[in-house]
Amino acid sequence: MSPHQTADITQAVLDRLTPETDPRFREIITAVVKHVHALAREVDLKPDEWMRAIQFLTDVGHTCDEKRQEFILLSDTLGLSMLVVQLDQARRSKKALADKTAVTPATEATVQGPFYWEGAPVLELGSDIGRGMPGEPAHYSGRITDTHGRPIAGCCLDVWSGDGEGVYDMQMGGDAGMRLRARFHTDSEGRYHFWSIKPTFYPVPADGPVGDMLRAMGRHPNRPGHIHAMVYKDGYVPLTTHLFPADSPYLDSDAVFGVRDSLIVPYEKHAAGSKAPDGRVMDKPFHSARYDFVLAPA
Ligand code: BEZ
Ligand code: FE
């Protein structure tokens with residue numbers, strides 16, 4: 001065999017890594033080379049199929065702009081984003097799990113999604129961030145504690161959701177500004193409460209190459225209704241998660257695999273004229289949802 005010919009092209013690529021290669025990069029790129037070569041061998045990849053894959057990835061890139069990140073959507077819909085979230089939470093929580101004095105595990109994390117907007121207004125507990133927006137009013141309340149059950153006072157709860165039709169402020173067009181999002185801080189006993197709407201299911205953007213991929217896979221693009229929450233305070237492992245109304249469609253088939261049983265919350269329905277948990281008598285029907293968040297010590 002000529003010295004230029006290699007019996008095992010996989011090993012030949014790996015042999016070109018130099019001793020100066022950053023160790024972590026070496027570990028990752030070695031796995032990438034091994035796995036993509038194994039994939040090509042496993043499916044006996046044909047040249048035209050590989051060209052179609054390259055065209056697909058090119059289209060994914062061309063679909064990205066300041067408002068849309070099709071690569072993240074690709075990662076989300078292939079379950080990779082959620083896998084990375086789970087690996088991260090498992091790594092960060094190892095210490096907390098080893099702590100035998102802990103009384104409760106930290107709240108499960110899930111994907112952040114593309115609609116987080118940093119700098120949401122800081123509002124008083126009890127504020128209504130759903131007023132004037134489509135959707136049924138919902139009262140949210142609960143506590144934020146650590147894994148020892150101790151209340152975390154002054155903990156930030158940064159929440160955001162789509163409206164009652166599944167549309168986020170960022171998708172509203174024009175300059176809708178921030179809607180249905182705010183930061184709240186817990187009181188001295190770790191309690192929070194606010195008003196918003198009961199979120200409804202909605203599709204992830206399906207008019208691009210990822211939508212074509214979902215259709216080719218025979219999959220729908222829908223996510224069950226959810227309200228996003230980022231919970232953080234110095235000294236604790238920050239948490240990015242959602243709460244899902246228990247009666248939402250698509251809990252079993254979330255397009256981005258973000259549902260965890262522990263994040264499914266019953267929304268209690270109340271008739272017009274009922275008293276809300278904050279004492280207000282509501283002139284229209286509303287829902288109430290209670291959820292206690294738990295943060296692991298950092
Ligand atoms: C969302 O939760 O809004 C979302 C998450 C992943 C992909 C698309 C949307
Ligand atoms: Fe969302």
*Looking at segment 276-298, is at least one residue surrounded by fewer than 16 Cβ atoms within 10 Å (Cβ to Cβ), polar (S, T, N, Q) and assigned by TED's automatic domain parsing to the domain that holds LEU214?*
no
*Considering (1) touching a residue at least 12 places away in the same chain (Cβ under 8 Å); (2) more than 14 Å from ligand 2 (Cβ to nearest atom), say which one ASP175 fails and leave the rest.*
(1)
*Select from segment 156-172 the residues that are away from ligand 2 (no atom under 11 Å from the Cβ) and part of a helix (DSSP H, G or I) and list them in ascending order.*
ASP169
*Scan the helices (runs of 4 or more DSSP H) fully inside segment 10-107 and keep the ones with 2 or more residues being open to solvent by less than 80 Å² (accessible area, probe 1.4 Å) and farther than 20 Å from ASP212 by Cα.*
23-43, 80-98
*Which of the residues belonging to segment 177-194 are closer than 30 Å to VAL294 by Cβ and part of a loop (DSSP other than H, G, I, E, B)?*
MET178, ARG179, LEU180, THR186, ASP187, SER188, GLU189, GLY190
*Of everything in segment 70-106 that's within 15 Å of ligand 1 (Cβ to nearest atom), touching a residue at least 60 places away in the same chain (Cβ under 8 Å) and of a type in the set (S, T, N, Q), which residue is nearest to THR241 (Cα to Cα)?*
SER81
*Of all residues in segment 154-163, which are within 16 Å of ligand 1 (Cβ to nearest atom) and more than 14 Å from HIS228 (Cα to Cα)?*
none
*asked:* in the same structural domain as ILE129 (by TED's automatic domain parsing), away from ligand 1 (no atom under 16 Å from the Cβ) and touching a Leu at 6+ places or on another chain (Cβ under 6 Å): which single residue out of TYR236, TYR232 fits that description?
replied: TYR236
*Looking at segment 194-208, which of its residues are of a type in the set (A, V, I, L, M) and either open to solvent by 40 Å² or more (accessible area, probe 1.4 Å) or away from ligand 2 (no atom under 11 Å from the Cβ) (or both)?*
ILE197, ALA206
*Go through segment 143-193 and give me each residue that's among the aromatic types (Phe, Trp, Tyr) and either over 20 Å from THR107 (Cα atoms) or not assigned by TED's automatic domain parsing to the domain that holds GLU108 (or both).*
TYR168
*Mind checking which residues of segment 108-119 are more than 20 Å from PHE293 (Cα to Cα) and either within 16 Å of ligand 1 (Cβ to nearest atom) or crowded, with 16+ Cβ neighbours inside 10 Å (or both)?*
PRO114, PHE115, TRP117, GLU118
*Would you check which residues across segment 170-187 are in contact with a strand residue (DSSP E or B) (Cβ under 7 Å, 6 or more places away or on another chain) and within 15 Å of ligand 1 (Cβ to nearest atom) and list them?*
LEU180, ARG181
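The values are calculated or read from the model by the stated rules, or taken from the named source; none is laboratory data. This is a predicted model, so every value here is computed, not measured. Don't worry about glycine lacking a Cβ; one is built from the backbone with ideal geometry, like all the others, and counts go over all protein chains shown. These area figures cover heavy atoms from the full protein model, side chains too; ligands, DNA and RNA do not enter into them. Shrake-Rupley method; radii C 1.70, N 1.55, O 1.52, S 1.80 Å.
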